[in-house]
Each structure stands twice: as structure tokens, then as C-alpha cells.
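Reading through the C-alpha cells given below for one structure.
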Amino acid sequence: MAARRVDDNRVVRAWLGFTLLFLIALITTDAQANPRYAGIVVDMDNGEVLYAENADEPRYPASLTKMMTLYLTFEALENNELDLNQALPVSAQAAAMPATKLWLAAGSSIPVDTAIRALAVRSANDVAVVIGEALGGSEQQFARMMTQKAQELGMSATTFRNASGLPDDQQVTTARDMLTLSARVMQDFPQYYHYFGLQEFTYRGTRHTSHNRLVRDYPGADGLKTGFIRASGFNVATTAVHDGRRMVAVVMGGFSASSRDTHMANLLDRSFSRAGLRDQRSWLADTRFSKEFMTFSGSTPPVAPPS
């Protein structure tokens, strides 16, 4: 009887391993159909790369750029160069930025704390320029500061030209670099990381809600950023925790926000499952993790071209 149980365990283990490999292959096939696609998932507990596809290919960051704008804002707060209650002036250039924005008026001001919320929740382009001008004197100089900080963080393939992520052919990055930035935001500024998990904020009587539905709907997800411009497709950086294990992941080039989010959910599911299979404490992964999200989102492959 004991021998039979051992054999049964081996069969189940082999079946789980085959299923996992099949699902990873399916993701790869879908990704190859999208020339803008890039993705990477890393287990933050040990730094293991659990998935990577086009992770070092140049891509446009879109509003993932604002993670660096916020990184430098947090750094300035820690260096006492800014205060959360400090009012930042709004220039005519900032007010003229295209939507998405807060529609700030030239000559007005916005507190630093509100500005952070506006970037994290609303992804406001006018506010990104306000911060860039406050820290750099001009958005152009701030972009140089952003690029320099990227190099210091090991993001060697990243160049910033503006604070918002609005289209610029020379503003490029990679999925791996964006993952590095995501990890460093969490590690270097845990006291400010909660901003990336906010789902709403109110400014002058108007309630603004987050574009990041993964934080709202994916079990264990607690933050980071979405982004979109036509040249980039739909991007997202996400981190989630399950049973004490944290994953951080980046997906770039989605065809829609919905398909991008479903793909990210699938990647996280499979990465948690793979890590669970490798966990020495238990070779049997917990497959119950994301049923709530999958019920909400459906199971359509996310990065395949629309039919």
C-alpha cells in the first residue's frame, strides 16, 4: 500500500510538472505573436527569474516612467529637500500637458502629498511636470536626473526624456529595468510604498480612481503602476504576496488593459505555482490561489492579437 502511494505521488508530481510546462509554453507562444510584448517575473525572496520573454529588448515605458519620478520624489523627502505639506508651483508648461491630468491651472499650487497621490492613482501628466520642475528646475534637467539615477540603480538600458512617460522616441527601457525599478522602490522607500496601492483620492471635491485594477482584484497584489501610449501598448508593473512569498512582475505591450491584466494574473499564478513546486517544504503547489480573480477576469489569453 505504501509503495502504491509513492507511485501515485510520482504520477501527480509528473502531471503537475507537465501541466506547468505546457502553460508556460502557451504563454510564450502568445507572446511571440505580439512584437511589442515583453515580460518578466522574479521571486523577491531569492531573486530567481521565474519567467522572462523579451525582457532585455528596448520598449517604451509610458507611465511606468512615473515610478522613477516618484522614486526621486521619495528620495527628496528623505533628504529634506521636500516636505509632504509643501506647496509646489504649477507652471504654464505643466498646466498645458495633455490628459490624463488633474487640470491644474497655471499659477496655482499643489501639496507634495497630493501630487504623489495624483501620480500613483491618476497618473497625472501635469503633476509629473510640476514635480520635475520642482526637483530639477526644468523637466529636461529632471529627465537627466532620472537617467542618472537609473544608471546608479543598474538600469543600464533606460533613458528618460520626460517625467511623465508621454511619447518620445528616445525614452526607452526594458522590462528587466522596470522590474529593477519596481523592486528598488519597495526596498529603498518602504515608508512611501503604500502610495502605489491607493485605489482613489479626492482633490478639490473630485474623486479620482486608480487605473490599476490588479491591485483591486488580484489576491495579494498591493501596488505599483500601469502605463499606456500607442507606441508601447498597455504596460503594468505589479507585485503580489502569497503565503509570505512576494513576486514582482512587469508586462509590456498588451493589446488592451483587460488582456494585459489577465496575462499578468496568469503569469503570477504560474510563478507562484512554480515556486511552490520548488519549495522544499512541499512539492505540491497550492492551485486555489487566484480563483477569485479568474472568475472576475475570465481566462482569455491576454497577449494574442484580436481575431
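Data table
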quantity: Accessible area in the full protein assembly, largest first, 1.4 Å probe, for Leu84, Leu181; calculated: Leu84, Leu181
quantity: Region 90-224, accessible area per residue, ligands and nucleic acids excluded (1.4 Å, Å²); calculated: 39 Å²
quantity: Over region 126-193, relative contact order from alpha-carbon pairs under 8 Å, at least 6 apart, %; calculated: 24 percent
quantity: Accessible surface of region 24-118, 1.4 Å probe, proportion on carbon and sulfur as whole %; calculated: 49 percent
quantity: Tensor-based shape of region 55-122 (alpha-carbon gyration tensor, a/c under 1.5 rounded, otherwise prolate or oblate); calculated: oblate
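The values are calculated or read from the model by the stated rules, or taken from the named source; none is laboratory data. The structure displayed is predicted, hence computed values, not measured ones. The accessibility values were calculated without ligands, DNA or RNA, using every heavy atom of the protein model including side chains. Shrake-Rupley method; radii C 1.70, N 1.55, O 1.52, S 1.80 Å.
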